[in-house]
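Peer 1: Got a structure for you, written out below as structure tokens; questions coming shortly.
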Amino acid sequence: MSQHPQTESILAGLTLEQKASLLSGATFWETEGIEDAGVPSIIVSDGPHGVRRQSTGGDHLGLLDGEPATCFPPAVGLGSSWDPELVERVGEALGREAQAKRVSVLLGPGINIKRDPRCGRNFEYLSEDPLHAGVLGSAFVRGVQSQGVGTSLKHYAANNQETDRLRVSAEIDTRTLRELYLPAFRRVVTETQPWTVMCSYNKINGTFASEHNWLLNTVLRDEWGFEGVVVSDWGAVRDRVPSLAAGLDLEMPTTVGRTDAEVVAAVKDGSLDIAVVDTAARRLIDLALSGQQGLWENAELDVDGQHALAREIAGRSIVLLRNEDAILPLTPGAGPVAVIGEFARTPRYQGAGSSQIVPTRLDNALDAIREISGEDVPFAAGFTLDGVADAALADEAVRVAASAETVLYFAGLPSSAESEGFDRDDIELPADQVALLERLIEANPRIVVVLSNGAVVRVSDWNERVPALVEGWLLGQAGGGAIADVLYGAVNPSGRLTESIPERLQDVPAFTSFPGEQGSVRYAEGLYVGYRHYDTREAAVSYPFGFGLSYTSFSYDHTAVRVDEDTVHVSVQVTNTGKRDGREVVQVYTGLPGAEVSRPVHELRAFASVEVPAGETREVALSFPISELAYFAPVADAWSVEGGTYVVEIAASSRDIRASLEIQIEGDPSPIPLSINSTLGEWLAHPIGAPILNAALAEVLASTPAVGAMLNDPHMRKMAEQMPMTQAVSFGAVTTEQVQALVAAVEQASA
Ligand code: GLC
């Protein structure tokens with residue numbers, strides 16, 4: 001969003017009342033305009049995976065329909081592509097469609113971390129990992145904004161559940177907030193300058209996001225340099241004047257002037273500085289001018305072109321989890337196929353709530369399978385979508401399955417199971433679907449299970465008893481065709497998991513703390529979310545983060561890593577060792593064994609999706625700044641790169657490490673300067689403090705052998721190393737002045 005030359009003169013010409021009127025919506029989806037002052041009203045609309053334009057009325061829960069629009073795969077699918085270029089193309093397509101609908105700001109992307117698979121809105125988020133979410137979030141914003149349409153990066157911050165989302169306080173320690181829940185927002189803001197950032201409903205450590213000065217001003221603007229508009233989630237403002245003072249520029253939707261009047265009154269009674277109003281009004285004027293100028297006069301919706309793109313994107317979003325004996329891809333005419341499961345006929349293709357799109361078209365897998373195979377493939381619904389077992393449907397399905405060579409079983413979560421606005425209580429598939437699957441395995445074990453679900457479901461009861469498992473997530477309006485493309489090999493699957501699939505809900509790190517109680521939820525697992533938890537604890541999972549199969553295979557050779565002054569460079573040669581063209585997602589993780597602070601065993605640092613033709617090799621080069629190895633030190637309120645020997649893993653998933661290399665990183669000085677409060681152990685571990693202390697100790701050891709004997713006794717030494725120097729002073733081993741002299745020597749040597 002650019003700063004416009006005329007903004008200042010427009011602002012100067014406005015009354016206090018006019019300025020205040022800009023700070024809240026004119027309607028549900030429109031900002032306030034002041035026509036005779038040259039401030040246009042602009043339209044905002046959800047997002048994120050389609051343009052949900054509601055020209056009459058409006059709601060933020062998906063209760064009322066929007067105008068037909070292209071329904072692309074929601075983030076759960078799109079994110080599984082692991083391909084920023086693809087995501088940017090979706091952003092461009094959405095930007096064009098927003099233009100055609102005269103929408104100036106698309107309310108997305110949603111980049112909250114998938115903390116727990118029960119979250120009802122995981123379908124709308126990209127990942128359990130902040131780098132992955134940030135890189136793809138940036139790609140989405142770049143794409144949309146390249147079309148002159150703004151975005152709204154959401155929901156800032158820590159909106160990781162739907163239970164009590166309007167009030168709950170997310171209790172998060174500083175390191176976890178800084179290292180896990182904020183980095184994706186930081187990356188997108190610093191890389192792309194989204195026109196707006198949407199604050200979340202919830203509190204963070206007791207303060208509503210909408211009134212969180214540290215979050216909205218100190219971090220977002222002062223640290224990250226955000227220049228755009230902070231907009232509330234719809235109805236998220238509890239108290240307008242404190243929220244404005246805390247940096248919340250635009251309250252949505254309209255409050256029909258009520259809160260504008262509160263702002264005017266606060267300026268008049270001196271409790272709110274007019275400068276705060278001016279700052280927010282200036283941003284809103286800039287937004288309105290950018291929004292208006294970006295709109296193309298003759299933009300049109302290319303329904304067929306958008307649908308074709310949606311099908312391509314959906315094909316890239318599908319994750320092949322299991323394919324024993326290469327049962328897939330199917331060959332048309334090779335043997336009778338039966339399609340079982342209502343989802344094949346009635347696709348589950350998006351999540352429920354504010355993002356819900358009325359699609360321009362809707363493919364279903366059954367028709368697409370019949371078309372691509374050229375066969376009138378028999379079908380049986382097997383179950384209803386209300387989760388009530390239907391014996392007749394199940395019996396019919398078993399009969400149809402028994403007569404086929406291969407069964408394609410479409411199972412998943414009905415839209416009533418997961419949505420914005422509420423969470424799941426478990427991660428189970430509906431019992432009637434699982435019961436039917438058991439009967440189908442009995443009747444015909446040659447089964448391909450295809451799942452439709454917005455968040456992880458438990459598969460551990462049966463997944464090793466079926467030859468193939470395809471995670472179809474939610475794939476948008478063209479998903480039915482895309483699934484058929486993958487099943488019959490027109491598309492070679494290249495999706496990878498962005499959310500670990502646990503064997504049991506009890507294994508999920510937030511199992512005991514999600515979704516909290518009595519107004520607060522403790523993020524007790526800290527940094528250890530998703531693979532950070534499972535891999536650090538070497539815990540079993542059904543399928544790991546970053547995992548996905550292909551119809552071909554890839555080898556990794558000539559791996560190398562090097563470090564220049566501020567960047568780590570990784571390279572690998574990826575060879576397609578199979579007979580089909582394919583796409584591999586190369587991942588780079590780093591770990592620091594023996595770190596001075598608690599850290600996950602490894603963390604994703606870079607990734608790339610690369611197309612490799614059959615039999616060919618591609619050189620893949622990846623890099624990341626050394627600064628991204630940093631951890632956040634709360635005691636110093638600063639990031640710090642610890643020096644040491646880092647492990648650099650080049651991987652095909654978080655559990656499939658193809659090469660493990662090492663790099664030496666010098667690192668920053670310890671964020672905790674040595675002092676009289678430092679322990680003997682910290683002094684002896686400090687690169688500068690140790691030699692200075694040892695030199696001083698040499699004199700003491702020479703004059704008092706008993707101290708030497710103590711320090712030479714391993715048991716005694718361990719205890720002594722836990723002793724702050726203040727203790728040594730109180731025991732008379734050294735004086736305060738002597739310790740202060742040591743501290744001064746360290747400071748001098750460090751300067
Ligand atoms: C909803 C959602 C948000 C959406 C907004 C407008 O409550 O939380 O993602 O953009 O309100 O519909």
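The values are calculated or read from the model by the stated rules, or taken from the named source; none is laboratory data. What you are looking at is a predicted structure, and each value in this text was computed from that prediction instead of being measured. No Cβ is skipped: glycine too gets one built from the backbone with ideal geometry, and neighbour counts run over all protein chains shown. Ligands, DNA and RNA are stripped out before the accessible areas are found, and what is left, the full protein with its side chains, is counted by its heavy atoms. Shrake-Rupley method; radii C 1.70, N 1.55, O 1.52, S 1.80 Å.
Peer 1: Label S623 and T174 with points 7 Å out from Cα along Cα→Cβ: what is the distance between them in nm?
Peer 2: 3.3 nm
Peer 1: In addition: Net charge near A606: determine it from the other residues with C-beta under 12 Å of the C-beta of A606, scoring Lys and Arg +1 and Asp and Glu -1. Could you put the intermediate results ahead of the total?
Peer 2: On the way: positive: R605; negative: D129, E603, E628, E649.
Summing Lys/Arg as +1 and Asp/Glu as -1 gives -3.
Peer 1: Note the full-extension length gain between E438 and D273 as 0.36 nm times their separation in residues minus their Cα-Cα distance, in nm to one decimal.
Peer 2: 52.7 nm
Peer 1: Grab the other residues whose beta carbon is less than 10 angstrom from that of L505, score K and R as +1, D and E as -1, and report the net. List each step's numbers first, then the result.
Peer 2: Values: positive: R118, R424, R458, R504; negative: D116, D425, D426, E428, E503, D507.
The answer is -2.
Peer 1: What is the ratio of the Cα radius of gyration of the chain to 2.2 N^0.38 Å, with N the residue count, to two decimals?
Peer 2: Numbers: Rg = 28.7 Å, N = 751, 2.2 N^0.38 = 27.2 Å.
Against the empirical 2.2 N^0.38 Å value, I get 1.05 for the chain.
Peer 1: Looking at the P(r) of segment 1-47, how many percent of alpha-carbon pairs lie beyond 18 Å?
Peer 2: Numbers: 338 of 1081 pairs.
Roughly 31 percent, once rounded to a whole number.
Peer 1: At 7 Å along Cα-to-Cβ for each site, give me the label-to-label distance between Q664 and A12 in nm.
Peer 2: Each label point lies 7 Å from its Cα, and together they span 6.1 nm.
Peer 1: How much FRET efficiency would the formula 1/(1 + (r/R0)^6) give for I657 and A540, where r is the Cβ-Cβ distance and R0 is 22 Å, rounded to 0.05? Intermediate values should be presented prior to the final figure.
Peer 2: Numbers: r = 17 Å, r/R0 = 0.76.
About 0.85, to the nearest 0.05.
Peer 1: Can you pull the percent of segment 680-750's accessible area that's carbon plus sulfur, 1.4 Å probe, other chains left in place? Please report the intermediate quantities before stating the final value.
Peer 2: Details: 2770 of 4420 Å².
Ligands and nucleic acids excluded, carbon and sulfur reach 63 percent.
Peer 1: Can you compute the FRET efficiency between R89 and A709 using 1/(1 + (r/R0)^6), with r the Cβ-Cβ distance and R0 = 60 Å? Round to the nearest 0.05. Write out the running numbers ahead of the final one.
Peer 2: Values: r = 71 Å, r/R0 = 1.19.
After rounding, the FRET efficiency stands at 0.25.
Peer 1: Using R₀ = 56 Å, calculate the FRET efficiency as 1/(1 + (r/R₀)^6) where r is the Cβ-Cβ separation of E747 and D425; round to 0.05. Don't skip to the answer; put the middle values down first.
Peer 2: Numbers: r = 56 Å, r/R0 = 1.01.
With a Förster radius of 56 Å, E is 0.50.
Peer 1: Here is a further query. Would you mind getting the accessible area per residue of the chain, heavy atoms of the protein chains only, 1.4 Å probe, in Å²?
Peer 2: On the way: 27600 Å² over 751 residues.
Here the per-residue accessible area is 37 Å².
Peer 1: I've got another one for you. Eigenvalues of the Cα gyration tensor times 5, then square-rooted: what semi-axes does that give for segment 296-436, in whole angstrom, largest first? Provide the component values of the computation, followed by the final result.
Peer 2: Numbers: eigenvalues 161, 105, 39 Å².
Semi-axes from the Cα gyration tensor: 28, 23, 14 Å.
Peer 1: With a cut-off of at most 13 other beta carbons within 10 Å, and DSSP calling the residue loop, which GluC sites (Glu not before Pro) in segment 624-728 qualify? Please list them.
Peer 2: Numbers: sites: E628, E642, E649, E662, E666, E682, E699, E721; in loops: E642, E666.
Passing sites in segment 624-728 are E666.
Peer 1: While we're looking at this one, here's another question. Counting only protein heavy atoms and a 1.4 Å probe, tell me what percentage of segment 352-400's accessible area is made up of carbon and sulfur. All intermediate terms of the calculation are to be shown ahead of the outcome.
Peer 2: Details: 1170 of 2240 Å².
C and S atoms contribute 52 percent here.
Peer 1: What is the distance, in nm, between label points placed 7 Å from the Cα along the Cα-to-Cβ direction at S571 and at W214?
Peer 2: 4.5 nm
Peer 1: Rank by packing, highest mean first: peptides 249-257, 742-750, 89-97, with packing defined as the count of other Cβ atoms within 10 Å averaged across residues.
Peer 2: My ranking of the peptides, most packed first, is 89-97, 249-257, 742-750.
Peer 1: Within segment 364-387, name every residue whose backbone N is under 18 Å away from a label modeled 7 Å from Cα of E405 along the Cβ vector.
Peer 2: Flagged as within label range: 369-379.
Peer 1: Please tell me which of these pairs span more than 21 angstrom C-alpha to C-alpha: K19/K268; K154/K203; K19/K203?
Peer 2: Values: K19/K268 13 Å; K154/K203 15 Å; K19/K203 28 Å.
Listed pairs above 21 Å: K19/K203.
Peer 1: On to the next question. Output the peptides 45-55, 573-583 sorted from most to least packed, where packing is the average of other Cβ atoms within 10 Å over each peptide's residues.
Peer 2: The most tightly packed comes first, giving 45-55, 573-583.
Peer 1: Another question about this same structure. Which length gain, in nm to one decimal place, applies between D390 and V700 when the Cα-Cα distance is subtracted from 0.36 nm times their residue separation?
Peer 2: Values: separation 310, 0.36 × 310 = 111.60 nm, distance 8.48 nm.
Result: 103.1 nm gained on full extension.
Peer 1: Rounded, prolate or oblate: which fits segment 303-543 when a ≥ b ≥ c are the square roots of the eigenvalues of the alpha-carbon gyration tensor, with rounded for a/c under 1.5 and prolate only if a/b beats b/c? Intermediate results must be reported in sequence, preceding the final value.
Peer 2: Values: a/c = 1.65, a/b = 1.45, b/c = 1.14.
Verdict is prolate for segment 303-543.
Peer 1: Another question about this same structure. Return a whole-number percent for the relative contact order of segment 680-750, with Cα pairs under 8 Å and 6 or more residues apart as the contact set.
Peer 2: On the way: 40 pairs, mean separation 27.6, N = 71.
It comes to 39 percent, rounded to a whole number.
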